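Here is the structure we will look at.
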Amino acid sequence: MAAHGEADRKPAQADDTDVLAGRIADAVDGLAELWTTAAAEASVRLSPHQLRALHALEATPGANLTMLAERLDAGLPTVSRLCDRLEAAGLLLREAAPHNRREIQLRLTAHGRDVLAEVADLRSRALSEVVRGMEPDDRAALEHGLRAFVEAQRVRAPGAGG
């Protein structure tokens with residue numbers, strides 16, 4: 001998280017994007033800490049890697065180990081062990097693919113979906129609490145800035161470096 005002095009700095013000038021980028025990085029670090037802390041309060045304790053795997057499988061039901069490994073940018077043995085732990089916890093099912101019985105598909109169980117929903121709820125509540133602590137004008141400015149950031153990111157050329 002940012003040191004106390006970070007928030008007291010004068011506003012970045014329009015052409016001082018490096019300073020602003022540093023402030024955004026500080027905010028992202030704070031958000032990541034809030035995310036991790038909120039997730040740790042769930043009824044099932046999951047590592048960040050396990051959560052990423054569950055989110056990836058939620059977005060791509062029926063993915064196989066290779067697809068999941070690519071999504072997580074991890075090796076097959078690592079992802080296989082990760083899935084072993086998720087399966088043992090009742091969060092994941094391995095099933096034979098209907099088109100190829102030798103291929104294994106990965107699917108979330110109802111319990112896995114419930115845990116993801118619980119984590120999302122805890123994270124949302126934690127974030128709402130922080131935002132509620134902001135002044136109304138600051139909340140409006142944050143919303144405006146986030147919309148502009150998302151739009152700028154959307155139109156940025158794919159693969160464009162800094």
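Under 5 Å from the amide H of Gln105 lie the amide H atoms of Glu95, Ala96, Ala97, each residue being 5 or more positions distant or on a separate chain, with H modelled from the backbone and absent for Pro and chain starts. Surface analysis of the stretch 105-162 yields an accessible area of 74 Å² per residue, using protein heavy atoms and a 1.4 Å probe.
What a 1.4 Å probe finds exposed on the stretch 37-114 is 52% carbon and sulfur by accessible area, rounded to a whole percent. For the chain, the membrane-span-like helices by this rule, meaning whole DSSP H stretches whose C-alpha atoms cover at least 27 Å of axis and whose Kyte-Doolittle mean is 0.0 or above, are 17-40; this says nothing about an actual membrane. Extension gain for the segment Ala89 to Leu127, taken as residue separation times 0.36 nm less the Cα-Cα distance, is 10.9 nm to one decimal. Ordered from largest to smallest accessible area (heavy atoms of protein chains, 1.4 Å probe), the residues Leu116, Leu20 come out as Leu20, Leu116.
Of interest is the spacing of the C-alpha centroids, which for the stretch 87-112 and the stretch 24-68 amounts to 19 Å.
Projected label points at Ser80 and Arg139, each 7 Å from Cα along the beta carbon direction, are separated by 5.1 nanometres. Mean residue ellipticity, 222 nm, helices only, the chain: the sum of -39500 (n - 2.57) across DSSP H runs of n ≥ 4, divided by residue count and rounded to 500, is -21000 deg cm²/dmol.
With unit charges on the beta carbon (Lys/Arg positive, Asp/Glu negative), name the residue among Ala148, Val19, Leu46 whose Cα is farthest towards the positive pole of the charge dipole of the chain. The one lying farthest along the dipole's positive direction is Leu46. The label-point distance for Thr60 and Ile104, in a model that sets each label 7 Å from Cα toward Cβ, rounds to 1.7 nm. When +1 charges are put on Lys and Arg Cβ atoms and -1 charges on Asp and Glu Cβ atoms, the dipole computed for the stretch 70-161 relative to its Cα centre reaches about 400 debye.
The values are calculated or read from the model by the stated rules, or taken from the named source; none is laboratory data. Values in this document were obtained by computation on a predicted structure and should not be read as measured data. In this analysis, Cβ positions are derived from the backbone assuming ideal geometry, glycine residues included, and neighbour counts consider all displayed protein chains. Ligands, DNA and RNA are excluded from the accessible area calculation, which covers all protein heavy atoms including side chains. Shrake-Rupley method; radii C 1.70, N 1.55, O 1.52, S 1.80 Å.
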